[in-house]
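**Q** The structure follows.
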Amino acid sequence: MRRKAALAARAYVVVAFAYLFAPVLSVTLFSFQTGRVQTFPIRGFTLEWYASALTNSAYREGITTSVIVAVCVAVISTVLGFAGAHLLCRRSPRWPLLYSAFVSMPAFIPLVLSGLVLLIYFQKIWIYGSLFGVIAAQACYCSPFAFVVIYLSYQKLNVEVEQAARNLGAEPTTILISIVLPQLYRPLIATLLLTALVSWDEFILAFFVGGFTKTLPTVIYASLATSFDPSINAIGVSVTICSASLLILVSRLAPSQSRLAG
Amino acid sequence: MTGTSEDPVLEIRGVSKLYGRKSVLSDVSLTIYRGEFLSIIGPSGSGKSTILKLVVGTVKPTKGHILLRGEDIATLGPERLRMVMVWQSLGLFPHMDVGDNVGFGLAIRRVSRRDLRTRVAQYLEMVGLQGFERRRIDELSGGEQQRVAIARALIVEPQVLLLDEPMGGLDKHRRAQMLSKFREIHRLTGVTIVMVTHDQAEAMVTSGRLAVLNDGAIHQVGAPYEINNQPKTAFVAQFVGHKNVLPAVVVNANGPRLTVKSHAETLSGQAPRWISHDFQPGDEVVYVEVVYVIDAYKVSFATNGDNSVNGHVDVRSVSGGTEVVELVVPGLATLRCERSVSSSIESELPDPVNLSWSAEDAYVLPR
């Protein structure tokens, strides 16, 4: 009885994962397939679509833009998230709950809504369609995630460690640089990667405020709207590999924070 | 170090601390002299840790002043506020090795690297951790971490070293080692030490003076012997001296000899020499009985005493050469008694046990 139940549970997991990963798998297979028509069985093996994706200037520009945006968004959100967590953990705001809710809000506004609002607002302040606009919009959305991840580690830090440094004569900036930040080293790296990942995959905001500044997801969307090009498959596989490796890095870094803080 | 004891380093003057409307300290005054080892003892919640926090400035007093060598600490910058605290949690820097931890106070003062290295080695040796420079903090035992924290504090040559419950996480054996290490460091460096603890035994062995704190007020300051044998308040008698303290009312005051009524018993004792208090009949007082030593051989016979009661044995616990017996005396209280034991002494106690003590062995304190 018990063995049957275990077997059923295992089968369920396999089916669930097969269902989830079937699209990824089929895209991967089709990306190596010869010919433009996507049907099973697979006919021949080719790297043609990867070559054409690499030589396509729209994709290359999209990738460059996405990388620049991801790096800037990651840095800005992590700095903002750290500042927010620092204030909550060490400066005891008068209403901590209200403060946290306020800081986390940008992540909870539906993206379509904030995309639309930012589109109008950015047009008014002349940054619509600029690289800076895309970065600003995504940083706004990513900062709450950074705030939460850093806060979870920050609140585990022993405040007496910082008080001891102060007591030995260290200035607040010295304490921040040589005591607080090194203890939060792993969660900070994890936050950088996580926010870069969110930015790398983000479509709605980039679509609304980007205009002619196109990140990779908007480039893919634009090319799908006109005609189907199998090199999309190749791009899809590459993007997935990038995201997955970032995700693995994040998950390897994040849990080990407890060892440092405890 | 006793020769310089008239030189005050730290003066706490009329300090009160309120958290919201809750009073933690009320009008505390205490003077700490150069080179002394003073312990502040009291139960948890008595406000003893708050005193240290006020002294290092992590907490500001609601009323009163704290002076370091005559200057208000509120006006002193951290550079001149050379009072270093060893926190209850130690507050070691978990991301630095032992050497960097110990050297931190010097490194931020931009001491040259070679100088730093020799001083770190010197202070690690002082606490018995020579060669530990490159060890990680989490590799060390609790006692070793403790000593790293002390070396880190001492290296900046503080005027006052403050210890907050330093024995907190240590087992009994390590405690004894640490206590003798503290005494040794005190002798070696002559640094002024203020230690906060709830363990009166720790305070007794290390300190030159004790300050007993309860409910945010200082009850008594004095040498261990004085605190133990001449308590000024009921709390000190009970918390430090482990004496039998009974609530009572004065019935008859005849010079130094007092008769009091505690519950149903009438007992006689003395007015203590070490406080000046005019006891009057009807005064609410406490009757303090010096922990009664049962005569091991004549336990069942009433000895020639002014007070005599019968009690039933409640709890007995033996440790080393002493047995502690708690006797329930009907119509009075539970009394703590001690007797010395050895192989030749009958372990059985009669029932009831008769206790008697002379009026000289008991005294009365105002409530």
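**Q** Looking at B:Q238, B:Q270 in this structure, which one is surrounded by fewer than 21 Cβ atoms within 10 Å (Cβ to Cβ), closer than 30 Å to B:H173 by Cα and outside the structural domain of B:V160 (by TED's automatic domain parsing)?
**A** Testing whether each residue is surrounded by fewer than 21 Cβ atoms within 10 Å (Cβ to Cβ), closer than 30 Å to B:H173 by Cα and outside the structural domain of B:V160 (by TED's automatic domain parsing) leaves just B:Q238.
**Q** Ok, one more. Go over the candidates B:Q145, B:Q159 one by one and state the one that is modelled with pLDDT of 90 or more and either surrounded by fewer than 20 Cβ atoms within 10 Å (Cβ to Cβ) or over 22 Å from B:I73 (Cβ atoms) (or both).
**A** B:Q145
The rows are residues; the columns are (1) farther than 30 Å from A:A165 by Cα; (2) of a type in the set (D, E); (3) modelled with pLDDT of 90 or more.
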| site | (1), (2), (3) |
| --- | --- |
| A:P187 | no, no, yes |
| A:A196 | yes, no, yes |
| A:I204 | yes, no, yes |
| A:F212 | yes, no, no |
| A:S223 | yes, no, no |
| A:S227 | yes, no, no |
| A:I235 | yes, no, no |
| A:V239 | yes, no, no |
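**Q** Check A:V180, A:V198 and return the single one that is crowded, with 18+ Cβ neighbours inside 10 Å and farther than 30 Å from A:A58 by Cα.
**A** Among A:V180, A:V198, only A:V180 is crowded, with 18+ Cβ neighbours inside 10 Å and farther than 30 Å from A:A58 by Cα.
**Q** Shifting gears a bit: Residues that are of a type in the set (F, W, Y): list the helices (runs of 4 or more DSSP H) wholly contained in region A:139-212 that include at least 1 such residues.
**A** Where helices (runs of 4 or more DSSP H) fall fully within region A:139-212 and carry at least 1 residues being of a type in the set (F, W, Y), they are A:185-201, A:204-210.
**Q** Still on this structure: Of B:T58, B:T62, B:T118, which residue is at pLDDT 90 or above, polar (S, T, N, Q), in the same structural domain as B:K17 (by TED's automatic domain parsing) and in contact with a strand residue (DSSP E or B) (Cβ under 9 Å, 6 or more places away or on another chain)?
**A** B:T62 is the lone residue from the list that is at pLDDT 90 or above, polar (S, T, N, Q), in the same structural domain as B:K17 (by TED's automatic domain parsing) and in contact with a strand residue (DSSP E or B) (Cβ under 9 Å, 6 or more places away or on another chain).
**Q** If a residue must be hydrophobic (A, V, I, L, M, F, W, C) and surrounded by fewer than 18 Cβ atoms within 10 Å (Cβ to Cβ), how many such residues does region B:130-142 contain?
**A** Within region B:130-142, the subset hydrophobic (A, V, I, L, M, F, W, C) is B:132, B:137, B:140.
Next, from what is left, pick out any that are surrounded by fewer than 18 Cβ atoms within 10 Å (Cβ to Cβ): B:140.
The total comes to 1.
**Q** Evaluate the following for B:V111: is it more than 9 Å from every other protein chain (Cβ to nearest Cβ) and at pLDDT below 90? Give the derivation first.
**A** On the way: more than 9 Å from every other protein chain (Cβ to nearest Cβ): yes; at pLDDT below 90: yes.
Judged against the criteria, B:V111 is a match.
Conditions (1) assigned to a loop (DSSP other than H, G, I, E, B); (2) touching a residue at least 40 places away in the same chain (Cβ under 8 Å); (3) more than 14 Å from chain A (Cβ to nearest Cβ); (4) buried (at least 20 other Cβ atoms within 10 Å of the Cβ), marked per residue:
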residue	(1), (2), (3), (4)
B:P43	yes, yes, yes, no
B:S46	yes, yes, yes, yes
B:L54	no, yes, no, yes
B:V59	yes, yes, no, no
B:L67	no, yes, yes, no
B:A74	no, no, yes, no
B:G77	yes, no, no, no
B:V84	no, yes, no, yes
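**Q** Between a residue in region B:217-232 that is under 21 Å from B:G47 (Cα atoms) and touching a residue at least 12 places away in the same chain (Cβ under 8 Å) and any residue that is among the aliphatic types (A, V, I, L, M) and assigned to a helix (DSSP H, G or I), which pairs come within a Cβ distance under 8 Å, given they are 6 or more apart or on different chains?
**A** B:H219/B:V236; B:Q220/B:I227; B:Q220/B:V236; B:P224/B:A203; B:P224/B:M204; B:I227/B:V236; B:P231/B:A237
**Q** Can you find a residue that is outside any helix (DSSP H, G or I) and without any contact (Cβ under 8 Å) to a residue 40 or more places away in the chain anywhere in region B:178-188?
**A** Here is the first cut: in region B:178-188, the residues outside any helix (DSSP H, G or I) are none.
The answer is no; no qualifying residue exists.
**Q** Given the conditions (1) part of a loop (DSSP other than H, G, I, E, B); (2) more than 10 Å from every other protein chain (Cβ to nearest Cβ), and given that B:Q122 satisfies all but one, which numbered condition is not satisfied?
**A** Every condition holds for B:Q122 apart from (1).
**Q** Also, I was wondering about something else. Suppose we keep only residues that are over 14 Å from the mean Cα position of the chain (by Cα) and away from chain B (no Cβ under 13 Å) within region A:149-175. Which one would you say is surrounded by the most Cβ atoms within 10 Å (Cβ to Cβ)?
**A** Among residues in region A:149-175 that are over 14 Å from the mean Cα position of the chain (by Cα) and away from chain B (no Cβ under 13 Å), the one surrounded by the most Cβ atoms within 10 Å (Cβ to Cβ) is A:I150.
**Q** Among the residues of region B:91-106, which ones are more than 8 Å from chain A (Cβ to nearest Cβ) and either surrounded by fewer than 18 Cβ atoms within 10 Å (Cβ to Cβ) or more than 23 Å from B:T118 (Cβ to Cβ) (or both)?
**A** Within region B:91-106, B:D97 is the sole residue that qualifies.
**Q** List the number of the failed condition for A:S104; all other conditions in (1) out of contact with any His (no Cβ under 9 Å at 6 or more places or on another chain); (2) in contact (Cβ under 8 Å) with a residue 60 or more places away in the chain; (3) away from every other protein chain (no Cβ under 14 Å) hold.
**A** Going through (1) out of contact with any His (no Cβ under 9 Å at 6 or more places or on another chain); (2) in contact (Cβ under 8 Å) with a residue 60 or more places away in the chain; (3) away from every other protein chain (no Cβ under 14 Å) one by one, A:S104 breaks only (2).
The values are calculated or read from the model by the stated rules, or taken from the named source; none is laboratory data. Given the structure is predicted, the values throughout are model-derived calculations rather than measurements. Cβ sites come from the backbone with ideal geometry, for glycine too, and all protein chains shown count toward neighbours.
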